[in-house]
Amino acid sequence: MKIDVLTLFPAMFAGPLDESIIKRARAAGLLDLTVHNLRDYAQDRHKTVDDRPFGGGPGMLLKPEPIFEAVEQLVRPGTRVILLSPAGRAFNQAIAHELAQADDLLLVSGHYEGFDERIREALADDELSIGDYVLTNGALPAMVIIDAVTRLLPGVLGDEQSAHDDSFSHGLLEYPQYTRPAEFRGMAVPEVLLSGNHAEIARWRAEQSKLRTKERRPDLL
Ligand code: 9D3
């Protein structure tokens, strides 16, 4: 998959996407990621990318010309153009699966008070938020989405981890897990896990998952 990112903060992307599984996916050619500086597409000698809202109000808006120029240069047939903003629909695992089916993604990171509405209307296939909290810009959300989508691409995770993932993500939180030692600073591992009774263990885990989900994330039930 090809992912292009359009951002005012390209330097933020160095680091997080050069580690671990994403690094491997890129090295293997499974993810082809390019980060573009929105300012490079500005049309005037001051490299202006934002302006004040008509009608007044606080803050600045990303102006249309640089984003139209960039998107028109970067899209190919089959590219899904996604705006990142606090006003987007809430990103989740189902959307990650959906995006993993696309040929190409172009993620457009927001900033300031938002986008001129014509950017949404004319260019965006979708608009996503990663949750209900206020960040300074859309760069971290872009990285979150890239991470969640990349690990779903065929060949990125080993078979073991993929299968593990499928069997555990039944929409419940994970049950408590323990490794050695069986007793640590007076804290014992639950007896059932040492019993070797796999039916009992499965029953215990299912029950713990449900209890934990009811306690912490009743919205999932
Ligand atoms: C109208 C007041 N603010 C909305 C809550 C304006 C605003 C604040 C912060 C507009 C943009 C931003 C920067 N954040 C993002 O661009 C962003 C974001 C976020 O802040 N939280 C969760 N997901 C996302 S995706 C992009």
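The values are calculated or read from the model by the stated rules, or taken from the named source; none is laboratory data. Please read these numbers as outputs of a predicted model, since none were measured by experiment. Reconstructed Cβ throughout: ideal geometry from the backbone, glycine too, with neighbour counts over all protein chains shown. These accessible areas exclude ligands, DNA and RNA; they are computed on the full protein's heavy atoms, side chains included. Shrake-Rupley method; radii C 1.70, N 1.55, O 1.52, S 1.80 Å.
Pairing residues of segment 53-78 that are within 18 Å of Tyr112 (Cα to Cα) with residues that are open to solvent by 30 Å² or more (accessible area, probe 1.4 Å) and basic (Lys, Arg), at Cβ distances under 7 Å and at least 6 apart in sequence or on separate chains, gives Met60/Arg52; Pro64/Arg118.
Here's the yes/no breakdown for (1) of a type outside the set (A, V, I, L, M); (2) in contact with a strand residue (DSSP E or B) (Cβ under 7 Å, 6 or more places away or on another chain); (3) in a loop (DSSP other than H, G, I, E, B):
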{"residue": "Val134", "(1), (2), (3)": "no, yes, yes"}
{"residue": "Asn137", "(1), (2), (3)": "yes, yes, yes"}
{"residue": "Leu157", "(1), (2), (3)": "no, no, yes"}
{"residue": "Gln161", "(1), (2), (3)": "yes, no, no"}
{"residue": "Lys210", "(1), (2), (3)": "yes, no, no"}
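Criterion first (within 8 Å of the ligand (Cβ to nearest atom), assigned by TED's automatic domain parsing to the domain that holds Ala96, in a loop (DSSP other than H, G, I, E, B) and of a type in the set (A, V, I, L, M)) does Leu128 satisfy it? Considered against the rule, which asks whether it is within 8 Å of the ligand (Cβ to nearest atom), assigned by TED's automatic domain parsing to the domain that holds Ala96, in a loop (DSSP other than H, G, I, E, B) and of a type in the set (A, V, I, L, M), Leu128 comes out as no. Every condition in (1) in a helix (DSSP H, G or I); (2) open to solvent by 60 Å² or more (accessible area, probe 1.4 Å); (3) more than 30 Å from Leu152 (Cα to Cα); (4) not β-branched (Val, Ile, Thr) is met by Arg26 except one, and the failing one is (3).
For residues in segment 156-179 being under 27 Å from Leu17 (Cβ atoms) and modelled with pLDDT of 95 or more, which is surrounded by the most Cβ atoms within 10 Å (Cβ to Cβ)? Per the criteria, the residue is Val156. When restricted to residues that are open to solvent by 50 Å² or more (accessible area, probe 1.4 Å) and small (Gly, Ala, Ser), segment 57-77 contains 1.
Give me the residue from segment 131-155 that is β-branched (Val, Ile, Thr) and open to solvent by 10 Å² or more (accessible area, probe 1.4 Å) and, out of that set, farthest from the ligand (Cβ to nearest atom). Only one residue fits best here, namely Val144.
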